[in-house]
């Protein structure tokens, strides 16, 4: 489910940045004397780059789901980074866009966190889940009554 939502979000980000680039190009907007063509190129680049990052995360989540194993270190780093970004953007969208956008960002955040928590840490096959022998108290501990 998280992979599907990330793929939809990736397409949405690219489309949204394309619309913004079209407006900047049509109106020849400039920010503090920057060349409008550079701003159009940068907007497209940001949209495509972000879309590719979200699509990569979706593909990695699909691989994790198909293999039914915990995500690797790089996948975890990517998912944690995306979760943090979605949390911050969710807080910003309340005032700028509205509660519906906030709800969407929180759903994506929840799916990312769930993907990280559900699989947890991967244990080796020979490592027991719980200790088999009770632990001994330390030698310098309190004396037991005789």
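State whether the residues of the stretch 19-34 include one that is free of Cβ contacts under 8 Å to residues at least 12 places away in the same chain, over 20 Å from residue 118 (Cβ atoms) and surrounded by 15 or more Cβ atoms within 10 Å (Cβ to Cβ). No, that holds for no residue.
Restricting attention to the stretch 63-75 and to residues that are surrounded by 13 or more Cβ atoms within 10 Å (Cβ to Cβ) and more than 15 Å from the chain's Cα centre (by Cα), the residue that is farthest from residue 117 (Cα to Cα) turns out to be 63. Evaluate the stretch 117-129: report whether one residue or more is more than 25 Å from residue 53 (Cα to Cα), at pLDDT 60 or above and either part of a helix (DSSP H, G or I) or over 11 Å from the mean Cα position of the chain (by Cα) (or both). No, the stretch 117-129 contains no residue that is more than 25 Å from residue 53 (Cα to Cα), at pLDDT 60 or above and either part of a helix (DSSP H, G or I) or over 11 Å from the mean Cα position of the chain (by Cα) (or both).
Somewhere in the stretch 93-105, is a residue outside any helix (DSSP H, G or I) and out of contact with any strand residue (DSSP E or B) (no Cβ under 9 Å at 6 or more places or on another chain)? Yes: the stretch 93-105 contains one or more residues that are outside any helix (DSSP H, G or I) and out of contact with any strand residue (DSSP E or B) (no Cβ under 9 Å at 6 or more places or on another chain). Under the condition of being more than 18 Å from residue 51 (Cα to Cα) and either surrounded by 18 or more Cβ atoms within 10 Å (Cβ to Cβ) or in contact (Cβ under 8 Å) with a residue 40 or more places away in the chain (or both), the residues counted in the stretch 76-106 number 3. Of all residues in the stretch 13-23, none are farther than 29 Å from residue 71 by Cα and either touching a strand residue (DSSP E or B) at 6+ places or on another chain (Cβ under 9 Å) or not in a helix (DSSP H, G or I) (or both). Report yes if residue 58 is part of a helix (DSSP H, G or I), out of contact with any strand residue (DSSP E or B) (no Cβ under 8 Å at 6 or more places or on another chain) and in contact (Cβ under 8 Å) with a residue 12 or more places away in the chain, otherwise no. The answer is yes for residue 58.
The values are calculated or read from the model by the stated rules, or taken from the named source; none is laboratory data. These numbers were taken from a predicted model, which means no experiment stands behind them. Here Cβ is always computed from backbone atoms with ideal geometry, including for glycine, and neighbour counts include all displayed protein chains.
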